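Okay, structure first, notes after.
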Amino acid sequence: MSEQVMEQPRREDRIKISEEVIATIAGIAASGDENVASMGGSFVDGIAGMLGRKAPGKGIRVEMKENQVNIDMAVVMQYGCKIHEAAREMQKRVRSAVEDMTGLEVVSVNVNVLGINVGKDAGKVEVLEELPPRS
């Protein structure tokens with residue numbers, strides 16, 4: 001009995017994930033935190049966000065080299081949060097989301113805090129008639 005050997009054609013399949021897709025994944029992961037007021041921070045972007053035209057990749061720059069990704073994010077944080085802790089948590093969430101969804105290695109997630117969002121109530125001061133007694 002003779003054996004027949006079939007040569008399989010060599011496949012050169014590729015998967016290309018655009019930088020915009022990675023920026024969108026990073027933006028969605030970052031915006032899931034109540035300490036993040038907005039991504040980006042420009043006045044025009046803020047108005048567009050209020051009108052319901054949110055772009056999840058806004059304020060995010062992605063640099064790719066082969067299977068490695070560097071992510072730079074510009075954010076505005078909420079007044080009163082611990083910025084360093086919130087930024088570290090954001091880095092973890094973004095790194096995890098991008099790596100899990102794309103299979104790419106995230107080399108760095110750089111968070112640039114552009115400002116602080118002061119809510120409407122933050123500027124209110126309660127005036128007391130008398131100082132409370134010291135304990």
Can you name every residue in region 38-86 that is over 25 Å from ILE17 (Cα atoms), at pLDDT 80 or above and hydrophobic (A, V, I, L, M, F, W, C)?
VAL76, MET77, CYS81, ILE83, ALA86
Residue by residue through region 71-97, note down the ones that are of a type in the set (Lys, Arg) and touching a strand residue (DSSP E or B) at 6+ places or on another chain (Cβ under 6 Å).
ARG95
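The values are calculated or read from the model by the stated rules, or taken from the named source; none is laboratory data. Since we're looking at a predicted model, the values are computed, not measured. Using ideal geometry, Cβ is built from the backbone for each residue, glycine included, and neighbour counts are taken over all protein chains shown.
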